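Undergrad: Submitted below is the structure of interest, expressed as structure tokens.
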Amino acid sequence: MSAKQVVILGAGYGGLEAAKTLHRLLKKRSDVEITLIDQNPYHTLLTELHQVAGHRIEPKGVKVSIEHVLQYTKVKFVHDKIQKADLKNKKLISANHEYSFDYLILAAGSQPAYFGIPGMKEHAFTLWSLEDAQKIHDHIVHMFQLASKEQSPDKRKEMLTFVVGGGGFTGVEMMGELMEWTATLCREYNIPKEEVRLAVVEALPTICPILDEKLSKKVVNFFEKHGVEVYTNTPITEVHPEKVCMKTGDVIPTRTLIWTGGVEANEFAKELGLTLGKRNRIVVNEYLQTVEYPYVYAIGDIMEFKENGDVLPALVESALQSGKCAAQNIAAEILGTQKQKFKPELHGVMVSVGSFFAVAQIKGLPLLVGIWATIMKHLVNMHYLFGIGGFELIWDYIYDQFLYKA
Ligand code: NAD
């Protein structure tokens, strides 16, 4: 009898957690093979991309070798890009290979959503991959280089104006980095600090609406204290190479819009013939199985899981917990035990605004602001890294964050 094939597509937070859980539960079963497929040989610490974009850490600081994470497990890692899937016939297809599976976990994550805003896709930067972060980084340096030689005051102003569109967590964390780094760049390029304009533009009445109102206000105060303009109730309606237009009629002349206005499921989700929910997320049942195929599970940002009518937010915790649950349910099917319903339990959120200021809202703790929240965020990051790769990854983190200056 050939071995049962369990395949996980995507080595993000959810996919890695699923792989490790499957190994733990099925390591003694020689008749089960577990394969993790990803288009990159590394796992990206997506929550820290802003630090690469803002020159706080090197790109290697958000890359974790998948081979390293899986080194003592029975999980086989395959570095390949899946282009198509035939879920009915249980196959994933790449340019050169076909992968058969008995169980599949779809964990291909999310991508920026543009909501059809004219010019957004063409002219804005996004922050949802390591390449995105590096592009932003290089562009900002380029803008300072150009501005330092520019004679026209209007063009210089455009070059030194940096706009973040969307005041969710990604946008706030990105602006926190810009605030710090542009001050350093001003010194390097001999540009007066007053010439730099930083703006966060948010469609809703408040930035980071998920946060407790007090924390959201703290973030706004911190930004304003550091000269960042915060626009709320101001949807961006159009983007041009040299300006951003808002519904209010205001226009900001700039060559840099970083779009952090929200995410949708990876476009791969649309090709699968599965039931999709809002923003193309794959609808799953209480066991995280897709509607059409009980042997296909979806987890993390690509899934739409509803609890009491509310969609579970696309957070790292949601990905980790759904990854674990899907893996447990597949193991239960193989071992002939009972599957468990998914019962997510979110413990809170932490948002950094530069290196020394953060806000955190964690279940069972008072609201944290400033350096305490920053420390908490580092501890949570290190806890995660220890869980996937042991002390070696913690040491790398400490080196990247505190000892090496990018
Ligand atoms: P988001 O959807 O959380 O926030 C996007 C923001 O953009 C919203 O506030 C929205 O109102 C605004 N927006 C949308 N259209 C706009 C327009 N036309 N003009 C101006 N503003 C507009 O997206 P995100 O911040 O990229 O986060 C995506 C997911 O990742 C979320 O679930 C988030 O919680 C999670 N995340 C978590 C962390 C963390 O925990 N530290 C960090 C980053 C992202």
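Undergrad: Report yes if Q361 is more than 26 Å from I66 (Cβ to Cβ) and either in a helix (DSSP H, G or I) or within 16 Å of the ligand (Cβ to nearest atom) (or both), otherwise no.
TA: For Q361, the condition - more than 26 Å from I66 (Cβ to Cβ) and either in a helix (DSSP H, G or I) or within 16 Å of the ligand (Cβ to nearest atom) (or both) - is met.
Undergrad: If you don't mind, another one. Need at least 1 residues that are more than 16 Å from the ligand (Cβ to nearest atom) per element, so show me which strands (runs of 3 or more DSSP E) inside the range 91-181 make the cut, counting only ones lying wholly within it.
TA: Filter on the range 91-181 gives 91-94, 98-100, 103-106, 161-165.
Undergrad: Search the range 118-137 for residues that are more than 18 Å from I252 (Cα to Cα) and pair each with any residue that is part of a loop (DSSP other than H, G, I, E, B) and among the basic types (K, R) when their beta-carbon atoms are under 6 Å apart and the residues are at least 6 apart or on different chains.
TA: none
Undergrad: On to the next question. Output the residues belonging to the range 61-95 that are exposed (fewer than 14 other Cβ atoms within 10 Å of the Cβ), in contact (Cβ under 8 Å) with a residue 60 or more places away in the chain and either touching a Gly at 6+ places or on another chain (Cβ under 9 Å) or closer than 22 Å to I398 by Cα (or both).
TA: K88
Undergrad: Oh, and also: Could you list, in sequence order, all residues of the range 295-332 that are assigned to a helix (DSSP H, G or I), surrounded by fewer than 24 Cβ atoms within 10 Å (Cβ to Cβ), in contact (Cβ under 8 Å) with a residue 40 or more places away in the chain and of a type in the set (A, V, I, L, M)?
TA: Within the range 295-332, V316, L320, A331 qualify.
Undergrad: Something else now. Do you know which of the residues in the range 116-174 that are of a type in the set (S, T, N, Q) and out of contact with any Ser or Thr (no Cβ under 6 Å at 6 or more places or on another chain) is surrounded by the fewest Cβ atoms within 10 Å (Cβ to Cβ)?
TA: Out of the qualifying residues, it is Q151.
Undergrad: Shifting gears a bit: If the Cβ limit is 7 Å and pairs must be 6+ apart or interchain, which residue in the range 19-30 that is part of a helix (DSSP H, G or I) pairs with which residue that is among the hydroxyl-bearing types (S, T, Y)?
TA: Listed pairs, sorted by first residue: K20/T73; H23/T73.
Undergrad: Filter the strands (runs of 3 or more DSSP E) completely within the range 203-256 down to those with at least 3 residues that are modelled with pLDDT of 95 or more and either in contact with a His (Cβ under 7 Å, 6 or more places away or on another chain) or away from the ligand (no atom under 11 Å from the Cβ) (or both).
TA: 228-231, 251-253
Undergrad: With the structure loaded, tell me whether V200 is part of a strand (DSSP E or B), over 21 Å from Q361 (Cα atoms), in contact (Cβ under 8 Å) with a residue 24 or more places away in the chain and under 23 Å from the mean Cα position of the chain (by Cα) or whether it fails that test.
TA: Yes: the conditions hold for V200.
Undergrad: Would you mind finding the one in V263, V239 that is closer than 21 Å to L178 by Cβ and over 23 Å from the mean Cα position of the chain (by Cα)?
TA: V239
The values are calculated or read from the model by the stated rules, or taken from the named source; none is laboratory data. Predicted model, so just to flag it, every value in this text is computed and none were measured. Quick reminder, even Gly has a Cβ in these numbers, built from the backbone with ideal geometry, and neighbours come from all protein chains shown.
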